[in-house]
Amino acid sequence: MARARGRVDRTAETRVDKTVETRAAGHPAASSWTAPEARGAFGGFIGPKNLFELVRTSAPWLVDGSHPAHGPDLVPLEGRAVEHQGGSRGWWRILLSDGSHPEATRAPTPSAISDYFALCCAAHFASAATFVPTDVDAKIRHALWLDQQDDDELERMLGFALRLGEWDVSPVSARLVRHAEHAPVSGHDGERLSVLGGALIGACARGMDARAAEIHAAMEAELEREARAFLDAARAKDGELAALLLAAALTHNAGDVGQSLGGKHAAVVPEALRKDLLDLARERHDRHAGAYALAAELYRRILAPEGHRNYPLRETKCLRKHPSLLYPVPPLVDDWGAMVATTPWLDTAERAAVVAALVDGLRRVPGQTAYQRALAGFSLSWPAGLWSRELAQHLGTRTRKELEGHELRKAVETPRRSFEASLRKRVRTVLDS
């Protein structure tokens, strides 16, 4: 079989390890606490313990037993992680199974690479919809697939990738979009597609033609599933808002496929396999009834300023205290703002910190409407609204001044019904055109 080994850029891994070191420096017990592993501890990549630490700091409720969905089924795995996903909660069980994590080493064995791959997938799926996702995309999209030189271990990785659809990520995401009878669609589906893209690279690099065809078919089936859900919403009476949220997911997911198969690492994949999967949102209007092109147009004209990374909220660490605080798909976030105002997980000073971050985000990201709606939901649910004396005493002068601004105040005081009615009209205009 043909062998191929790609040169891997470790820059992102260095950034992640630096992040762990930075968090260690800011840890309450910094005098006695240090990052568990040196930088690039696993073959030049972030060490397994450091990776786990990133998940723990981003979503502590996953590992301390406080998540409402935590139950007796979350028992440690027996055996290797790459061979046992544990069903719908496989990602969670892999994270919690320290005995299944590979040891940090500068020269990992083929079996260690496979288990490290499984851990990276689990960590990424656990954190992708949190405020601070792990930065392991490059590894699961191509690096580890090209690093794996053992056929048996590669087969284990391929089987693992094909079973990722069994994972239920609802405990770690508020961004699953449901419409009618369709299964939920979310950005996690794009993460799975990008892993499958890596699997396609790995299979083609080793001459595993049958596996490559199987993986290609799985990717095509997922893309078609998402397209059907979007088109049904677009055609449905009063389906405009569902179509908009699905458009965000489809555009993100098509981009993930492009990130996986659009670069130099995918040169080993025959053009015949790649051509049906790439450029769906830009050039391939003939594929999937044009769903991805239409979704991309909706995204460009309505959602582009909203983004999906929420950098302004990343440093507001109180939002990591409980899974109920996870951010939903913008711009329909009135309920999230109301929850921030009423949740028992935050005190007044912490609520004010969230308000300040939202106002700061509006300043930094022109065209944002989601943060306006979050503030609107908060204002309706907090006694005396955003301009209460109790809240103001925890806000900086600049934030208070900006809250008093005419344009922001007007946006915040716009009723939710009016905002959503206007949004529906904008969506329908794009769909009908």
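The table for this structure:
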| read-out | value |
| --- | --- |
| Gaussian network model of the chain, springs between alpha carbon atoms under 10 Å - residue of 132, 268, 355 with greatest fluctuation | 268 |
| Cβ-defined net charge surrounding residue 360, 14 Å radius [Lys, Arg +1; Asp, Glu -1] | +4 |
| Karplus (6.51, -1.76, 1.60) ³J(HN,Hα), θ = phi - 60°, over the range 386-398, in Hz, Gly and Pro reported as x | 5, 9, 6, 5, 4, 6, 4, 5, 9, 9, x, 4, 5 |
| Across 49/139; 139/317; 321/401; 49/264; 49/317, pairs whose alpha-carbon gap is larger than 25 Å | 139/317; 321/401; 49/264 |
| Kirkwood hydrodynamic radius (C-alpha pairs) into Stokes-Einstein, the chain, 4 °C and 1.567 mPa s, D in µm²/s | 57 µm²/s |
| Exposure proxy ranking, count of Cβ atoms within 10 Å, fewest first, for 139, 425 | 425, 139 |
| Packing-based exposure ordering (other Cβ within 10 Å, fewest first) of 219, 157 | 219, 157 |
| Per-selection Rg to Rh, the range 232-347 - Cα, Kirkwood hydrodynamic radius | 1.08 |
| Gaussian network model of the chain, springs between alpha carbon atoms under 10 Å - residue of 417, 400, 235 with greatest fluctuation | 417 |
| Gaussian network model of the chain, springs between alpha carbon atoms under 10 Å - residue of 188, 216, 70 with greatest fluctuation | 70 |
| Calculated FRET value between residue 342 and residue 420, using beta carbons and R₀ = 22 Å, to 0.05 | 0.55 |
| Lys/Arg +1, Asp/Glu -1 at C-beta; the chain dipole; positive extreme among 303, 252, 171 | 303 |
| Length released on extending from residue 311 to residue 335, taking residue separation times 0.36 nm less the Cα-Cα span | 6.6 nm |
| Hits among lysines - C-alpha to C-alpha of residue 237 under 29 Å, sequence gap 8 or more where chains match | 425 |
| Calculated FRET efficiency for the pair residue 390/residue 152, C-beta based, R₀ 51 Å, to 0.05 | 0.20 |
| 20 °C / 1.002 mPa s Stokes-Einstein diffusion coefficient of the range 384-433, Kirkwood radius on C-alpha pairs, µm²/s | 164 µm²/s |
| Dipole magnitude (debye, nearest 20) for the range 330-432, charges at Cβ of Lys, Arg, Asp, Glu | 360 debye |
| Residue 406-residue 166 FRET efficiency (beta carbon distance; Förster radius 60 Å; 0.05 resolution) | 0.70 |
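Taken together, the values in this text are just the output of simple stated rules run on the coordinates, not laboratory data. Predicted model, so just to flag it, every value in this text is computed and none were measured. Using ideal geometry, Cβ is built from the backbone for each residue, glycine included, and neighbour counts are taken over all protein chains shown.
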